[in-house]
Ligand code: UGA
């Protein structure tokens, strides 16, 4: 099939590369000339394991091309995917759909055959109907087209495997020819028994929000169970395992941590709450999860202060991990932002290391000293805080880090290590989440 992707951000680039891998001819178009030129040179605008390989391979095979010329790239296409950003509007938290609608208008003006215009961007219910209205207004007279909602469920850091081996594909479309094209696009997945669910447009739009909100609720739920363990006993990891083995619950998204963040859960839960508010429907469970998560991120700084004996004033806090989760360079709504600002407000000097060297860190955390190695973060520190579950941290020689610290306290907010490992490595005190503790709310060994 001939496919065009409008918007070469995270979703657009991963989708375009993977569609080329399926065997389709893909044009990726973006207004950012610098980004397109770099992609033509094989330079990725984002950090995503495996992406450079697929992009390189299909740039060579000729199945994947990059351009800034939108008008030409929507001619002769079976499907045009809109994958532009939908950032929250600063004034009210609603998703800003102006980029989606501008793309729809440009596509309409240049279409020259039956084309399915597919929204991949996360858009609130009703947005695809508006895309259809725009196409109707601006497409040449007699031009045939269909609209489809095809939400993505990619996780940063695992996006290629999420695209190539998804749990399901959701297609919201009420036009038979449009559905047939969409099914041909995803035929390589159907051949591998991936469920391809076709439904109406509004249902597809809401599946995306409901999925992210449910997962956010799940994480907030285990985080509250984690707090309960700290007071009454029990170990959160084993509880997560024990409930997760029940297939009705499932074991994923039950890892306790400092709170959920990223470019999706916070934005999508807020947008879903706005939709519900406008419709006069209370989504009290989602609202509670959002509130609990905000509070959790703020509380984490207090926990670190308590673990340091009640004050961090004048102390040096070494930090491992700044991004919102491991295996990504994304700092958006990372718990580290609230936590480290809280520590600095309490008088600490914060020295942080992140393996992805996130380029936004200096701007978002101007008072944090960013260092290039874990040893520099630990050097002379009064405590070492693990904020992100980077897999590479597990390979570090903790003994080396403990050796250069002033006080050997580890505060592990991802439960990445364990008491025995920390003790063997020379840490005198180890704090984690979700176990009964000597220090308030935290586990302690000495
Ligand atoms: C999320 C969804 O998982 C994807 O399916 C979806 O496509 C994507 O949003 C999106 O809407 O584009 P992502 O934001 O990359 O993906 O991150 P997740 O892996 O879902 O993690 C979200 C947050 O929850 C992170 O802060 C993570 O640390 C936290 N989390 C996740 C936990 O604290 N515990 C868990 O067990 C799982």
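Quick check on the stretch 191-208. Is at least one of its residues in contact with a helix residue (DSSP H, G or I) (Cβ under 7 Å, 6 or more places away or on another chain), within 16 Å of the ligand (Cβ to nearest atom) and either closer than 30 Å to residue 292 by Cβ or not in a helix (DSSP H, G or I) (or both)? If you could, list the steps in order and put the result at the bottom.
From the stretch 191-208, those in contact with a helix residue (DSSP H, G or I) (Cβ under 7 Å, 6 or more places away or on another chain) are 196, 198, 201, 205; that's our starting set.
The next check asks that each one be within 16 Å of the ligand (Cβ to nearest atom); those that pass are 205.
Filter once more, keeping what is either closer than 30 Å to residue 292 by Cβ or not in a helix (DSSP H, G or I) (or both): 205.
For the stretch 191-208, residues in contact with a helix residue (DSSP H, G or I) (Cβ under 7 Å, 6 or more places away or on another chain), within 16 Å of the ligand (Cβ to nearest atom) and either closer than 30 Å to residue 292 by Cβ or not in a helix (DSSP H, G or I) (or both): present.
Out of all the residues in the stretch 336-363, which are modelled with pLDDT of 95 or more, within 16 Å of the ligand (Cβ to nearest atom) and over 20 Å from residue 378 (Cα atoms)?
338
Quick test for you: out of 286, 312, pick the one residue that is at pLDDT 95 or above, touching a helix residue (DSSP H, G or I) at 6+ places or on another chain (Cβ under 6 Å) and within 14 Å of residue 209 (Cβ to Cβ).
The match here is 286.
Each row is one residue, and each column tells you yes or no for (1) in contact (Cβ under 8 Å) with a residue 40 or more places away in the chain; (2) within 16 Å of the ligand (Cβ to nearest atom); (3) surrounded by fewer than 23 Cβ atoms within 10 Å (Cβ to Cβ).
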| site | (1), (2), (3) |
| --- | --- |
| 6 | yes, no, no |
| 23 | yes, no, yes |
| 28 | no, no, no |
| 34 | no, no, yes |
| 49 | yes, yes, yes |
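Run down 251, 234 and say which single residue is in a loop (DSSP other than H, G, I, E, B), more than 20 Å from residue 332 (Cα to Cα) and more than 15 Å from the ligand (Cβ to nearest atom). Reasoning before the result, please.
Details: 251 fails: more than 15 Å from the ligand (Cβ to nearest atom).
One residue alone meets the criteria, 234.
Scan 182, 197, 164 and give me the residue that is under 18 Å from the mean Cα position of the chain (by Cα), farther than 24 Å from residue 274 by Cα and modelled with pLDDT of 95 or more.
On the way: 182 fails: under 18 Å from the mean Cα position of the chain (by Cα); 197 fails: under 18 Å from the mean Cα position of the chain (by Cα).
Being under 18 Å from the mean Cα position of the chain (by Cα), farther than 24 Å from residue 274 by Cα and modelled with pLDDT of 95 or more holds for just one of 182, 197, 164, which is 164.
State yes or no: is residue 141 at pLDDT below 95 and more than 19 Å from the chain's Cα centre (by Cα)?
Working: at pLDDT below 95: yes; more than 19 Å from the chain's Cα centre (by Cα): yes.
The answer is yes for residue 141.
Name the single residue, out of those in the stretch 371-380 being in contact with a strand residue (DSSP E or B) (Cβ under 7 Å, 6 or more places away or on another chain) and touching a residue at least 40 places away in the same chain (Cβ under 8 Å), that is farthest from the ligand (Cβ to nearest atom).
Here the answer is 380.
I'd like to know if the stretch 223-232 contains one or more residues that are on the phi > 0 side of the Ramachandran plot, in contact with a helix residue (DSSP H, G or I) (Cβ under 9 Å, 6 or more places away or on another chain) and buried (at least 22 other Cβ atoms within 10 Å of the Cβ). Give the steps one after another, and end with the answer.
As a first pass, look at the stretch 223-232 and keep what is on the phi > 0 side of the Ramachandran plot: none.
The answer is no; no qualifying residue exists.
Give the residue, chosen from 325, 315, that is touching a strand residue (DSSP E or B) at 6+ places or on another chain (Cβ under 9 Å) and in contact (Cβ under 8 Å) with a residue 12 or more places away in the chain. Reasoning before the result, please.
Values: 325 fails: touching a strand residue (DSSP E or B) at 6+ places or on another chain (Cβ under 9 Å).
Every option except 315 fails the conditions.
Residue 258: in a loop (DSSP other than H, G, I, E, B) and in contact (Cβ under 8 Å) with a residue 24 or more places away in the chain, yes or no?
Numbers: in a loop (DSSP other than H, G, I, E, B): yes; in contact (Cβ under 8 Å) with a residue 24 or more places away in the chain: yes.
Considered against the rule, which asks whether it is in a loop (DSSP other than H, G, I, E, B) and in contact (Cβ under 8 Å) with a residue 24 or more places away in the chain, residue 258 comes out as yes.
Test residue 13 against the criterion of being within 16 Å of the ligand (Cβ to nearest atom), without any contact (Cβ under 8 Å) to a residue 60 or more places away in the chain and in contact with a helix residue (DSSP H, G or I) (Cβ under 9 Å, 6 or more places away or on another chain), and give yes or no. Show your work before the answer.
Details: within 16 Å of the ligand (Cβ to nearest atom): yes; without any contact (Cβ under 8 Å) to a residue 60 or more places away in the chain: yes; in contact with a helix residue (DSSP H, G or I) (Cβ under 9 Å, 6 or more places away or on another chain): yes.
Considered against the rule, which asks whether it is within 16 Å of the ligand (Cβ to nearest atom), without any contact (Cβ under 8 Å) to a residue 60 or more places away in the chain and in contact with a helix residue (DSSP H, G or I) (Cβ under 9 Å, 6 or more places away or on another chain), residue 13 comes out as yes.
Working carefully through the options 278, 268, 246, find the one that is more than 9 Å from the ligand (Cβ to nearest atom), outside any loop (DSSP other than H, G, I, E, B) and either over 17 Å from the mean Cα position of the chain (by Cα) or under 23 Å from residue 156 (Cα atoms) (or both). Lay out the reasoning, then the answer.
On the way: 268 fails: more than 9 Å from the ligand (Cβ to nearest atom); 246 fails: outside any loop (DSSP other than H, G, I, E, B).
Only one candidate passes the filter, namely 278.
Going by what's in this entry, would residue 283 be described as out of contact with any strand residue (DSSP E or B) (no Cβ under 6 Å at 6 or more places or on another chain) and more than 16 Å from the ligand (Cβ to nearest atom)?
Values: out of contact with any strand residue (DSSP E or B) (no Cβ under 6 Å at 6 or more places or on another chain): yes; more than 16 Å from the ligand (Cβ to nearest atom): yes.
So residue 283 fits the description; yes.
The values are calculated or read from the model by the stated rules, or taken from the named source; none is laboratory data. If you're wondering where the values come from, they're calculated on a predicted model, not measured in any experiment. Because the Cβ atoms are built from the backbone with ideal geometry, glycine has one as well, and the counts that use them run over all protein chains shown.
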